[in-house]
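Participant: Quick one: structure below, then a few questions.
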Amino acid sequence: LKLGRLYRYVKLAVLGSLAAALVLNTHSLLASLQRNELSERRFLQLNKCPACWGTSWCRKFLNGQLRLESWGRLRLLDFFNVKNVYFARYGEPREGSRRVVLKRLGSAQELADIDTKICRRATGRGRCDLLQALPATEFASLNGDVRLLTPGAVEGWSDLVHCPSQRLLDRLVRRYAETKDSGSFLLRNLKDSERMQLLITLAFNPEPLVLQSFPSDEGWPFAKYLGACGRMVAVNYVGEELWSYFNAPWEKRVDLAWQLMEIAEQLTNNDFEFALYLLDVSFDNFAVGPRDGKVIIVDAENVLVADKRLIRQNKPENWDVWYESKFDDCDKEACLSFSKEILCARVTVDHNYYAICQNLLSRHAMWRGTSGGLLHDPPAEIAKDGRLEALLDECANPKKRYGRFQAAKELREYLAQLSNNVR
């Protein structure tokens, strides 16, 4: 009882403090609601460039074509917006207004850490003039005299290039959207500032490069990249997070589960022979289109790309032995067990099936205090049949050797059958 009263007092104190802050800052709050911060260079951190994500959309930002949605204009609420993700309206004269998502690609602390790391690499100190420090970093060493971006120069900088091939790096440069002269895989064809932006993005948060190199227009299951200005990136708004469908009707959840398994298959086996492994899989990393009901990946920061052609060519030890991911029963949210080195060295890997089954679909999935996964509480006849539960268990925690590969295949087929039956 004492703890209950204490909790109520603390809650009232917090609410009172917020109310007082609102009253004391009424004038500044009204001003913030009226002005368009997305047209302000400092808010966009344009002054950080070329230690930024790009400038391709700066004209749209600075001309006032983007405006934060109502509550997003209140800086007082930034305390709760840890991930620095904003919703905005983007208007084109001929197309009308549409919703977009703006990302700083990191928390305020993570962005400050980028500046600190750049300064330490250049001067050995934690604080410095970024623009003066950049020429002394490894990002500047890959200058206009360098013809290609090579694996030896960037290997291990981030998950995207943990084990890069020349084919992957050529693809990243050729499809780099923050240059007016895209289409060339030659690094020296980029301007100095563009080259610096590409390398800094690759090192600190490669999500924009994943979206550009594996675009939704070509059928990849990622959000569409629109552009950047300073340290603000714009992507298309997909829809509500997958989490909001956790208690949707059974028919809807079956369709979403089938799509998730199809995404796992596409990223693992495709005609381009790039395996894209999802190292962070949770309900808030996916969203669902409100009209077409399509599942899309909306957080692509932690994606490891392995080039299967290179693996077959180099033939590292056990390269042709099927790799089974080990089940991780950690009793926490979004747990995954994996070895990046093995993901980079095997052609046949079940990691994506494992990640989707364990963290999203099966009874082992945990998120926001719930358990049971997206396919919880199936209809009585399906629960009685037992096939769905057996396939999900084998996909998450296989009992037979290579059992997950077979279970994932059968699960995709079974979910497709169920989905067709309920439509």
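Throughout, read-outs are computed from the coordinates displayed, never taken from laboratory work. Since this is a predicted model, take the numbers as computed values, not measurements. So basically every Cβ, Gly included, is an ideal-geometry build from the backbone, and we count neighbours across all protein chains shown.
Participant: Return the distance in nm (one decimal) between the two label points of a simple spin-label model at V321 and E110, each offset 7 Å from Cα along Cα→Cβ.
Facilitator: Distance between label points: 3.5 nm.
Participant: Provide the gained length on full extension for the span R368 to E273, in nm with one decimal, where the gain is 0.36 nm per separating residue minus the Cα-Cα distance.
Facilitator: That pair, R368 and E273, stretches by 30.6 nm at full extension.
Participant: Along the stretch 166-173, what does the Karplus equation 6.51 cos²θ - 1.76 cosθ + 1.60 (θ = phi - 60°) give for ³J(HN,Hα), rounded to whole Hz, x for Gly and Pro?
Facilitator: 4, 4, 5, 5, 4, 5, 4, 6
Participant: With a ≥ b ≥ c the root eigenvalues of the C-alpha gyration tensor of the stretch 86-193, is it rounded (a/c under 1.5), prolate (a/b larger than b/c) or oblate?
Facilitator: Because a/c hits 1.5 or more and a/b fails to exceed b/c, the stretch 86-193 counts as oblate.
Participant: Sticking with this structure for a sec: For the stretch 283-339 and the stretch 108-128, write down the distance between their C-alpha centroids in whole Å.
Facilitator: Measuring centre to centre over Cα atoms gives 31 Å.
Participant: Got a sec to turn the phi values of the stretch 52-67 into Karplus ³J(HN,Hα) couplings, 6.51 cos²θ - 1.76 cosθ + 1.60 with θ = phi - 60°, whole Hz, x for Gly and Pro?
Facilitator: 8, 8, x, 9, 5, 10, 4, 4, 5, 5, 6, 7, x, 7, 10, 9
Participant: If I build a Gaussian network model for the chain, linking alpha-carbon pairs within less than 10 angstrom, which residue out of E240, E341, E69 has the largest mean-square fluctuation?
Facilitator: E341
Participant: Going highest first, how would you order 282-289, 223-230 by mean Cβ packing within 10 Å?
Facilitator: 223-230, 282-289
Participant: So what J values fall out for the stretch 114-131 if you push phi through Karplus, 6.51 cos²θ - 1.76 cosθ + 1.60 with θ = phi - 60°, rounded to Hz, Gly and Pro as x?
Facilitator: Per residue, the Karplus-derived 3J(HN,Hα) values read 4, 4, 4, 5, 4, 5, 5, 5, 8, 10, x, 10, x, 10, 6, 7, 4, 5 Hz.
Participant: Holding the Cα-Cα limit at 26 Å, pick out from K103/K191; K224/K315; K83/K332; K294/K340; K60/K117; K103/K308 the pairs that are longer than that.
Facilitator: Going by Cα-Cα distance, K224/K315; K294/K340; K60/K117; K103/K308 fall outside the 26 Å limit.
Participant: For M232, what residues show an amide H to amide H distance below 5 Å, using hydrogens built from the backbone and excluding near sequence neighbours?
Facilitator: Amide H neighbours of M232: W53.
Participant: Further question: Assuming a ≥ b ≥ c are the square roots of the Cα gyration tensor eigenvalues, decide whether the stretch 240-421 counts as rounded (a/c under 1.5), prolate (otherwise, with a/b larger than b/c) or oblate.
Facilitator: Judged from the Cα gyration tensor, the stretch 240-421 comes out prolate (a/c at least 1.5, a/b above b/c).
Participant: Right, here's the next one. Under 5 Å between amide hydrogens, which residues at least 5 positions from A365 or on another chain qualify, with H placed 1.01 Å from N in the peptide plane?
Facilitator: Excluding prolines and chain starts, which carry no amide H, the hits are G372, G373.
Participant: While we're on this one: If packing is taken as the average number of other Cβ atoms within 10 Å across a peptide's residues, how do 109-119, 47-57 rank, most packed first?
Facilitator: Result, highest mean first: 47-57, 109-119.
Participant: Let me ask something additional. Quickly estimate the mean residue ellipticity at 222 nm for the chain, helices only: each DSSP H run with n ≥ 4 gives -39500 (n - 2.57), and the total goes over all residues, rounded to 500.
Facilitator: Counting only the DSSP helices, I get -11500 deg cm²/dmol.
Participant: Taking semi-axes √(5λ) of the Cα gyration tensor in Å straight from the coordinates, which label in (i) 36, 32, 21; (ii) 63, 26, 19; (iii) 45, 31, 19 is the correct one?
Facilitator: (i)
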